[in-house]
């Protein structure tokens, strides 16, 4: 999938994902959220319960992920469910590469 990106674009995406998930405060929490969303669509309360996190913390991280086009909202108000975006699916192999690198550093 990422073959449609040139090397420069891939480096930019890798740098952004590294910051978002591995360098910035809250990165580990965001990583846990996207891993859960790989299993299906959930509302913020379900995510908070599943991960043992505060609801407001989850909302904050979902907003950050949304601003970075990695998570999409479906529905309105209380019925909002979150799912991974097509961008996330496109960048998933880069994220997996970063996870492997993080384990060895």
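Rule-based calculations on the coordinates, nothing more; no lab input. Keep in mind that this is a model prediction, so the values were computed, not measured. Glycine gets a Cβ as well: all are built from the backbone with ideal geometry, and neighbour counts include every protein chain shown.
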Contour minus Cα-Cα span, residue 78 to residue 101, at 0.36 nm per residue, comes to 4.5 nm
Simple spin-label estimate for residue 63/residue 50, 7 Å along Cα→Cβ, in nm, reads 2.2
Summing -39500 (n - 2.57) over every DSSP H run of at least 4 residues in the chain and dividing by its residue count gives a helix-only mean residue ellipticity at 222 nm, to the nearest 500 deg cm²/dmol, of -19000 deg cm²/dmol
Between residue 38 and residue 8, Cβ-based FRET efficiency (R0 22 Å, step 0.05) works out to 0.20
Taking 58-65, 8-15 and ranking on average Cβ neighbours within 10 Å, highest first, one gets 58-65, 8-15
Taking R0 as 25 Å and r as the Cβ-Cβ distance between residue 28 and residue 93, the FRET efficiency 1/(1 + (r/R0)^6), rounded to the nearest 0.05, comes to 0.80
The helix 55-67 Cα axis meets the longest alpha-carbon principal axis of the chain at an angle in degrees, between 0 and 90 and rounded to 10, of 40
